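J.: One structure, pasted below without further comment.
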Amino acid sequence: MTTYDDRASLTDLTTTAERVRGSVEGVIEGKPEVVRLSLTVLLAEGHLLIEDVPGVGKTMLAKALARSIDCSVRRIQFTPDLLPSDITGVSIFDQQRRDFEFKPGAIFAQIVIGDEINRASPKTQSALLESMEERQVTIDGQTYELPSPFMVVATQNPVEMEGTYPLPEAQRDRFMARVSIGYPGPEAELRMLDVHGGVSPLDDLQPVAHAHEIVKLIDAVRTVHVADTVRRYAVDLVAATRSHPDLRLGASPRATLHLLRAAKASAALSGREFALPDDVQALAVAVLAHRLLPTAQAQLNRRTAEQVVLEILRHTPVPAAAQPAPGGYFDQQPPGARRL
C-alpha cells in the first residue's frame, strides 16, 4: 500500500483513483461515466443516489465501490417494517452494570449501502438526515461522531414501482448527486455474460485503496482552486432554477455547495489543480436535477427536471477561462496529467 505524506498530491490522487476505477469497472461493464461520477462524489465528501429500474446493477455498483476500499462497510436493506433504531442504534439496559449501553446501528460505518431506500417509510428514511448532513448521530441526548470517510450510497427504484415511497425533499437534498445506470449496450451485455455467467466478480474483488488514503485524497481535493468567475457561474445556474416557470421548487444553497465541491473533485480527477466551467457544466444535471420539483403544468407537458437543467445550461452565459491566482499556476493543465 502506498505511503502518503500528511497531504496527498494530485499525482497520488489520480493514481489511487485509477486503481479504484479499474476495480469497479471490472464489475460494472460499459459504464465508465457512472463509475467516474461515483468517485467524484466520494472525493467530494458527498452521498450518492442510484436510481433506476430493477436488475441493472444498482446494488452491484454500490458494493463494488465499497469493496474496492479497505474500510468498514454496512448494508441496510430498506423494507416497510424497518425501524429508525435499526439504522441509528438503540440504548439497552444492562442488568449487570445497571446502566444503559448504546448499541450502534448500521449507520456506524465508513460506507453505508442503503438498498432500495424508498421502500422504507418516511419516518425510517428520516433517521438518515442527521448522519448525512452532520456526520453524527444523536441518541437519548448523546451525540456520537461517525467515522471518516463517511459516504451513503443508496439505491432506489422509480416511484412508479409498486411498494415504494417518494423520498422527502430534505432527504433528496442531502444526496450530492443522482445517477441512473441504464441498460448496457449489446457488447457490454455480452461481456457481462462472460464475466458474470459463472460466478459473481464481487467474490474476487479485493481492496485497492485504504480508508486513510481516501481521507488524504479528500483533503487534496479541498485545495483545488476555484476562480471567482467559476463560483459566480455555479451561483447563476442554481439561481436560475429558483425563478424558472416550469419549477415549483428550485435548488437550495446546499446544492450550490455540492456543485462546487463536485466540480473541484472532478478537476482533481482530471489532474488539474483548478476547476473550470466545464466541470460545473458536466455535473449540473447529476447534482441539481433530483432536487427540483416541476410544476403540475410542466408534468402535464412531460417536462422533466433534467430537461429544465439542460435548458438553463444553454441560456446561462459561460464565463471566460479562469485566470490564475496571484502567483499561481491555474491557467493550464499540468504536464502529464491523466484523465480518468
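The values are calculated or read from the model by the stated rules, or taken from the named source; none is laboratory data. Remember, predicted model here, so these are calculated numbers, not experimental data. Glycine gets a Cβ as well: all are built from the backbone with ideal geometry, and neighbour counts include every protein chain shown.
J.: Can you tell me which condition LEU65 does not meet? The list is (1) in a helix (DSSP H, G or I); (2) more than 30 Å from LEU205 (Cα to Cα); (3) touching a residue at least 40 places away in the same chain (Cβ under 8 Å), and all the others hold.
T.: Here LEU65 clears every test but (2).
J.: Do the conditions hold for THR164, that is, is it in contact (Cβ under 8 Å) with a residue 24 or more places away in the chain, β-branched (Val, Ile, Thr) and in a loop (DSSP other than H, G, I, E, B)?
T.: yes
J.: Report, ordered by the first and then the second residue, all pairs with beta carbons closer than 8 Å, sequence separation of six or more or different chains, a first member in the stretch 263-292 that is farther than 21 Å from ALA17 by Cα, and a second member that is of a type in the set (Lys, Arg) and surrounded by 21 or more Cβ atoms within 10 Å (Cβ to Cβ).
T.: Within 8 Å, the pairs are ALA289/ARG178; HIS290/ARG178.
J.: Does the stretch 73-101 hold any residues that are of a type in the set (Gly, Ala, Ser) and in contact with a strand residue (DSSP E or B) (Cβ under 7 Å, 6 or more places away or on another chain), and which are they?
T.: Result: GLY89, SER91.
J.: Still on this model: Pick out the one residue from GLU116, GLU130, GLU134 that is closer than 28 Å to SER38 by Cα and out of contact with any Ser or Thr (no Cβ under 8 Å at 6 or more places or on another chain).
T.: Matching residue, one of GLU116, GLU130, GLU134: GLU134.
J.: Taking SER72, is it surrounded by fewer than 18 Cβ atoms within 10 Å (Cβ to Cβ) and either basic (Lys, Arg) or in the same structural domain as SER121 (by TED's automatic domain parsing) (or both)?
T.: When the stated conditions are applied, SER72 passes them.
J.: Which of the residues spanning the stretch 14-28 are more than 17 Å from the chain's Cα centre (by Cα) and either assigned to a loop (DSSP other than H, G, I, E, B) or not assigned by TED's automatic domain parsing to the domain that holds PRO207 (or both)?
T.: Answer for the stretch 14-28, where residues must be more than 17 Å from the chain's Cα centre (by Cα) and either assigned to a loop (DSSP other than H, G, I, E, B) or not assigned by TED's automatic domain parsing to the domain that holds PRO207 (or both): GLY26, VAL27.
J.: Answer yes or no as to whether SER131 is under 24 Å from ASP204 (Cα atoms) and surrounded by 17 or more Cβ atoms within 10 Å (Cβ to Cβ).
T.: No; evaluated as a whole, the condition is false for this residue.
J.: Do we have any residue at all in the stretch 90-102 that's modelled with pLDDT under 90, buried (at least 18 other Cβ atoms within 10 Å of the Cβ) and touching a Lys or Arg at 6+ places or on another chain (Cβ under 7 Å)?
T.: For the stretch 90-102, residues modelled with pLDDT under 90, buried (at least 18 other Cβ atoms within 10 Å of the Cβ) and touching a Lys or Arg at 6+ places or on another chain (Cβ under 7 Å): absent.
J.: Going through the stretch 115-126 one residue at a time, which ones are buried (at least 22 other Cβ atoms within 10 Å of the Cβ) and over 22 Å from LEU61 (Cα atoms)?
T.: Listed by number, the list holds a single entry, THR124.
J.: Moving to a separate point now. Can you name the residue in the stretch 306-318 that is loosely packed, with under 13 Cβ neighbours inside 10 Å and not in a loop (DSSP other than H, G, I, E, B) and is also nearest to the chain's Cα centre (by Cα) among such residues?
T.: ARG314
J.: Listed residues ALA321, ALA234, ALA298, ALA337; which is aliphatic (A, V, I, L, M) and at pLDDT 95 or above?
T.: Going through ALA321, ALA234, ALA298, ALA337 in turn, just one is aliphatic (A, V, I, L, M) and at pLDDT 95 or above: ALA234.
J.: Still on this structure, I have one more. For residues that are in a loop (DSSP other than H, G, I, E, B) and not basic (Lys, Arg), scanning just the stretch 1-13, find the one that is modelled with the highest pLDDT.
T.: Filtering the stretch 1-13 for residues that are in a loop (DSSP other than H, G, I, E, B) and not basic (Lys, Arg), the one modelled with the highest pLDDT comes out as SER9.
J.: Among the numbered criteria (1) of a type in the set (Lys, Arg); (2) in contact with a Gly (Cβ under 7 Å, 6 or more places away or on another chain); (3) buried (at least 19 other Cβ atoms within 10 Å of the Cβ), which one does ARG291 miss?
T.: (2)
J.: Restricting to the stretch 170-188, give me the number of residues that are assigned to a helix (DSSP H, G or I), surrounded by 13 or more Cβ atoms within 10 Å (Cβ to Cβ) and either aromatic (Phe, Trp, Tyr) or at pLDDT below 90 (or both).
T.: Residues that pass the stated criteria total 1.
J.: Still on this model: Looking at the stretch 197-204, is at least one residue surrounded by 18 or more Cβ atoms within 10 Å (Cβ to Cβ), within 30 Å of GLY30 (Cβ to Cβ), assigned by TED's automatic domain parsing to the domain that holds THR11 and within 21 Å of the chain's Cα centre (by Cα)?
T.: Among the residues of the stretch 197-204, not one is surrounded by 18 or more Cβ atoms within 10 Å (Cβ to Cβ), within 30 Å of GLY30 (Cβ to Cβ), assigned by TED's automatic domain parsing to the domain that holds THR11 and within 21 Å of the chain's Cα centre (by Cα), which makes the answer no.
J.: For the stretch 134-161, give me each residue that is part of a loop (DSSP other than H, G, I, E, B), buried (at least 17 other Cβ atoms within 10 Å of the Cβ) and either at pLDDT 85 or above or under 12 Å from the mean Cα position of the chain (by Cα) (or both).
T.: Answer for the stretch 134-161, where residues must be part of a loop (DSSP other than H, G, I, E, B), buried (at least 17 other Cβ atoms within 10 Å of the Cβ) and either at pLDDT 85 or above or under 12 Å from the mean Cα position of the chain (by Cα) (or both): LEU146, PRO149, PHE150.
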